[in-house]
Amino acid sequence: MSGILGKQSIQFENPPYILATANIVGKKEGEGPLGALFDVVGDDDLFGEETWEEAESAMQKNAATWAINNAKLTKEQIRYIFAGDLLGQNIATSFGLLDLDIPLFGLFGACSTAGESLSLAAMAVSAGYADYALAVTSSHFASAEKQFRYPLEYGNQRPLSASWTVTGSAAFVVSNQKSQFRITGITTGKIVDFGVKDSMNMGAAMAPAACDTIYQNFMDFNLQPTDYDKIVTGDLGYVGSDILIDLLKKKGFDITNQHMDCGKVIFDQNTQDTHAGGSGCGCSATTLSAYLLKEMEKGNIKKMLFVPTGALLSTVSFNEGQSVPGIAHAVVIESCDK
């Protein structure tokens, strides 16, 4: 059973567990500060495929398969997959996970999809509708650039506010079987729009949504920032992180000491030309899988608020001059006694 909490949250009375995970990233990500922690780093961002989109599908398929194997399960034991990506009609997911032959809920939360998929998988398992559910997401720099900005061949100049879409995929097996990590609660985000229209400044577009969700988590659970060891946003980068901290201070909460942004740690700003940091569905997902859960395993993090952030734009909405609404989904992850 689960308990409805406040306006937007659930506190799980029977918390589900993250039983296993797996991740795969591209060459640039492997050259970053977390490079040695990833399960697999590709030598070639095409991953043996002919197109960028097929490469992203291959990443999803591999991450999902490896996560199931790491959980010592067969794919037939997975009741549901909750998965999505950044591409139109979720084609990286649909083609990537086709051969697994597992019931699928296709999701689009933009770069917040890691939080959305984990939230829904946790709800399904906690409610007893699945013994094992799989949460999967991915992004690819080249496929995202082709769809949302400019094909790589165009060679356009990137402004300093632009982030670098992470090439990577991660998968998580959520289960009622006890493990080292459990999901004790979630706070589902609302669509928040401050009128930002610059598609090259995703941090500014998403920061208000992150602020809204984190604030509501504090309200619903009656918590302070110090109740968390880490408050981890997905891909606000350097621009959005500063905006988030300022917005929350205006609401009476200072998360400076607890805050970490995946977009700021996955690349080295001094040696890698990524400007505002990392972004994309794969940014928060691979950082959680490769780095944050390992920190929990070591005992360095006991309780974490994981808040992937997403920009809800499309090529159509951008070309029609629409703003870029944001959304953020928060997942409370706690370590368990061994």
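Values as computed for the structure displayed
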| quantity | calculated |
| --- | --- |
| Kirkwood Rh in Å, taken over the chain so that all alpha-carbon pairs contribute | 19.3 |
| Equivalent ellipsoid semi-axes - Cα gyration tensor, region 17-175, angstrom | 27, 16, 14 |
| Percent of beta bridges antiparallel (DSSP, the chain, rounded to nearest 5) | 65 |
| Pair Tyr215, Ser317: separation of 7 Å Cα→Cβ label points (nm) | 2.1 |
| Shape box of region 1-87 [Cα atoms, principal axes, largest first, Å] | 46, 31, 28 |
| Cα-Cα pairs of region 292-338 separated by more than 15 Å (percent) | 59 |
| Hydrodynamic radius of region 181-335 per Kirkwood, over alpha carbon pairs, in Å | 15.6 |
| Rg/Rg_globular for region 68-146, with Rg_globular taken as 2.2 N^0.38 Å and Rg from C-alpha atoms | 1.10 |
| Extension gain (nm, one decimal) between Lys251 and Thr226, 0.36 nm per residue minus Cα-Cα | 7.4 nm |
| Relative contact order %, the chain, counting alpha carbon pairs below 8 Å whose residues are six or more apart | 24 |
| The chain: DSSP helices with Cα axial extent of at least 24 Å and average Kyte-Doolittle hydropathy no lower than -1.0 | 52-70, 202-221 |
| Extension gain from Glu76 to Lys303, taking 0.36 nm per residue of separation minus the Cα-Cα distance | 78.5 nm |
| Separation of alpha-carbon centers, region 67-107 and region 234-291, rounded to whole Å | 27 |
| 222 nm mean residue ellipticity, helices alone, for the chain (DSSP H n ≥ 4; -39,500 (n - 2.57); rounded to 500) | -9000 deg cm²/dmol |
| Local electrostatic count at Leu244 - Lys and Arg +1, Asp and Glu -1, tallied over other residues with Cβ under 15 Å | -1 |
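Only the coordinates and a few stated rules stand behind these numbers; no lab work does. Treat the numbers as computed from the prediction; the structure is a model and nothing was measured. Virtual Cβ from ideal backbone geometry, glycine too; neighbours counted across all protein chains shown.
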